Amino acid sequence: QVQLVESGGDLVQPGGSLRLSCAASGLTFNRYAMGWFRQAPGKEREFVSTISRYALDTYYADSVKGRFTISRDTAKNTVALQMNSLKPEDTAIYYCAATSKSTYSSTGTEYEYWGQGTQVTVSS
């Protein structure tokens, strides 16, 4: 049974930082590209970042480029999202996802497995 479990969400002030983590189990981790998506209230889910199977490639949404960094640890089967210079518009539920269909992907429908999400709130 594949499980993706996110953690690290919190309430943070604008300009602050958070580090999200996603622990994967039940799959061969290095066969999957990993991604982070987010969904704000009343909005559609949107792509945030993705990392290829062996971390050779990373890709970011324009809205987070230069502020967020994705990484993965194959030994621990985890993927992290370091978020700096947070803005109120970053407020959302953040989801971790895994896909074996692509080297890496910004398309949510290509992802086979999803976590339950972790809430990030950026507010003063």
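The values are calculated or read from the model by the stated rules, or taken from the named source; none is laboratory data. Bear in mind the structure is a predicted one, so any value in this text is a computation, not a measurement. Reconstructed Cβ throughout: ideal geometry from the backbone, glycine too, with neighbour counts over all protein chains shown. The protein model used for the area step is the full one, side chains on, heavy atoms only, and it has no ligands, DNA or RNA in it. Shrake-Rupley method; radii C 1.70, N 1.55, O 1.52, S 1.80 Å.
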Practice item. Figure the gain on full extension for Thr69 and Lys43 (residue separation times 0.36 nm, minus the Cα-Cα span) and round it to one decimal in nm. Key: 7.0 nm
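Order of 53-62, 24-33 by packing, highest average Cβ count within 10 Å first? Please list the in-between numbers first.
On the way: 53-62: 14.1, 24-33: 16.1.
Going from most to least packed, we get 24-33, 53-62.
Given a 1.4 angstrom probe, I'd like the percentage of the accessible area of segment 1-109 that is carbon and sulfur, rounded to a whole number. Please report the intermediate quantities before stating the final value.
Details: 2480 of 5570 Å².
Of all accessible area on segment 1-109, carbon and sulfur atoms account for 45 percent.
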Study note, to complete from the structure: Given unit charges at Cβ for Lys, Arg (+) and Asp, Glu (-), the dipole magnitude of the chain about its Cα centre in debye, nearest 20, is 200
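Kindly work out what percent of the DSSP beta bridges joining two residues of the chain are antiparallel, to the nearest 5.
DSSP beta bridges in the chain are roughly 95 percent antiparallel.
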Check your understanding: Which Cα, out of Tyr59, Val2, Ala97, lies furthest along the positive dipole direction of segment 1-109 (beta carbon charges, K/R +1, D/E -1)?
Key -> Val2
**Study point:** Amide H partners (placed H, <5 Å) of Glu112, local residues excluded
**Key:** Ala98, Thr99, Ser100
Exercise for review: Find how many whole Å separate the alpha carbon centroid of segment 9-86 from the alpha carbon centroid of segment 110-124.
Suggested key: 9
Study note, to complete from the structure: Of the candidates Ser124, Leu18, Ile70, the farthest towards the positive dipole end of the chain (Lys/Arg Cβ +1, Asp/Glu Cβ -1, centred on the Cα centre) is Ile70
Practice item. For segment 113-124, take each phi angle, set θ = phi - 60°, evaluate the Karplus expression 6.51 cos²θ - 1.76 cosθ + 1.60, and give the result in whole Hz per residue in order, putting x for glycine and proline. Key: 10, 9, x, 8, x, 9, 7, 10, 10, 10, 7, 9
Point to revise | Phi-based couplings in Hz for segment 15-22 (Karplus 6.51, -1.76, 1.60; Gly and Pro marked x) | key: x, x, 10, 9, 10, 8, 10, 10
Point to revise | In sequence order, calculated HN-Hα J values of segment 47-63 (Karplus, 6.51, -1.76, 1.60; Hz; x Gly/Pro) | key: 5, 10, 6, 9, 9, 6, 4, 10, 6, 7, 10, 9, 8, 10, 5, 4, 5
Exercise for review: Grab the other residues whose beta carbon is less than 15 angstrom from that of Ser100, score K and R as +1, D and E as -1, and report the net.
Suggested key: +2
Exercise for review: For segment 26-124, run through the GluC sites (Glu not before Pro) and keep only the ones in DSSP coil with at most 16 other Cβ atoms within 10 Å of their Cβ.
Suggested key: Glu44, Glu112
